[in-house]
Amino acid sequence: MHVVVNEKLISTRVKIASAAHLAALAVFAVGLFISWSNPEPTYEQMAGAYAAIIVGLVLYNVGQFFLRRFGPRSRVEAVLSKTLKGLDRRYTLLAFPSTKLPDYILVGPGGVQVVVARAHDGAISYRGGHWSRDAGSGLKRLSGLFGGTPFGDPTKDLEKGVTRVREKLDKAGISGAKQPPVEGVVVFTNPAARLRIDGSSYPVTGLKGLRNSVRGGKGARERALDERSAERVVQALRG
């Protein structure tokens, strides 16, 4: 299996995150200086200090947003590559191909698979169209609220990703009967995740079941892409 990582995009986004964090520290320092240097601040000085705090929080959250997606602790292409290493050279794993595409896309004989990865642990369930997660209690829950990666809705993320891949292929001239099946899978990479899935329209699995999930879709059974067509799809998604 080939693995193609958009290192340029990752590097740029991490630099933006670092710059945002440094800017946040600088703005916080300005706010603290205003507060400490004026024991009896005027209304304008108080407004300036509070404004600095607000701006600093905005900048900090911008940095956190990019780190949660592109930071080395959040990325899982190495884990996915190791898990899928048994796939042959007809498969290509794209990691962060574009800001407008899903973070992980697998192209193979069966078509395109959008891979939505979650690193959360705890009891995770899907029932009646809704996700829920019990992250535990005490300090563990508190640490998840401050600085943890939001769980969100994996199904919505997957549906959005499938739509964006199809739109990208359309723009590249791969549409209609020429467009391969575009499917998807939600994978939980944390071994401590306990899954209870009922009625999901997409496969949901841990790492152990990922390879079977990506090879067992409708497109895989139909052998939708030969090697030349798969390469064309890969180039289209890489832009």
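The values are calculated or read from the model by the stated rules, or taken from the named source; none is laboratory data. Small disclaimer: the values here were computed from a predicted structure and weren't measured. Cβ coordinates were reconstructed from backbone atoms using ideal geometry, including for glycine residues, and neighbour counts include every protein chain displayed. Surface areas here come from the heavy atoms of the whole protein model, side chains and all, with no ligands, DNA or RNA. Shrake-Rupley method; radii C 1.70, N 1.55, O 1.52, S 1.80 Å.
Here is how the numbers come out for the structure above:
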read-out	value
Exposure ranking of His130, His120 by accessible area [1.4 Å probe, largest first]	His130, His120
Candidate aspartates and glutamates for bridging to Lys156, where Cα separation is under 19 Å - those fewer than 8 sequence places away on the same chain excluded	Asp103, Glu167, Glu183, Asp198
Histogram of C-alpha separations across the chain, 5 Å bin width, %	1, 6, 12, 15, 15, 14, 11, 8, 6, 5, 3, 2, 1, 1, 0, 0
Cβ-defined net charge surrounding Thr189, 13 Å radius [Lys, Arg +1; Asp, Glu -1]	+2
Efficiency of FRET between Asp226 and Lys82 - r from beta-carbon atoms, R0 25 angstrom, step 0.05	0.40
Highest-fluctuation residue, Lys168, Lys156, Lys85 considered, GNM on the chain with Cα pairs under 10 Å	Lys156
Accessible-area ranking of Tyr60, Tyr202, Tyr50, Tyr43, largest first, probe 1.4 Å	Tyr43, Tyr50, Tyr60, Tyr202
Probe 1.4 Å, accessible area per residue of the chain, Å²	58 Å²
Mean residue ellipticity (222 nm) of the chain, computed from DSSP H runs ≥ 4 via -39,500 (n - 2.57), nearest 500	-15500 deg cm²/dmol
Highest-fluctuation residue, Phe96, Phe33, Phe188 considered, GNM on the chain with Cα pairs under 10 Å	Phe33
The chain, relative contact order in percent, only Cα pairs under 8 angstrom and at least six apart counted	22 percent
Accessible area of the chain belonging to carbon and sulfur atoms, whole % at 1.4 Å probe	55 percent
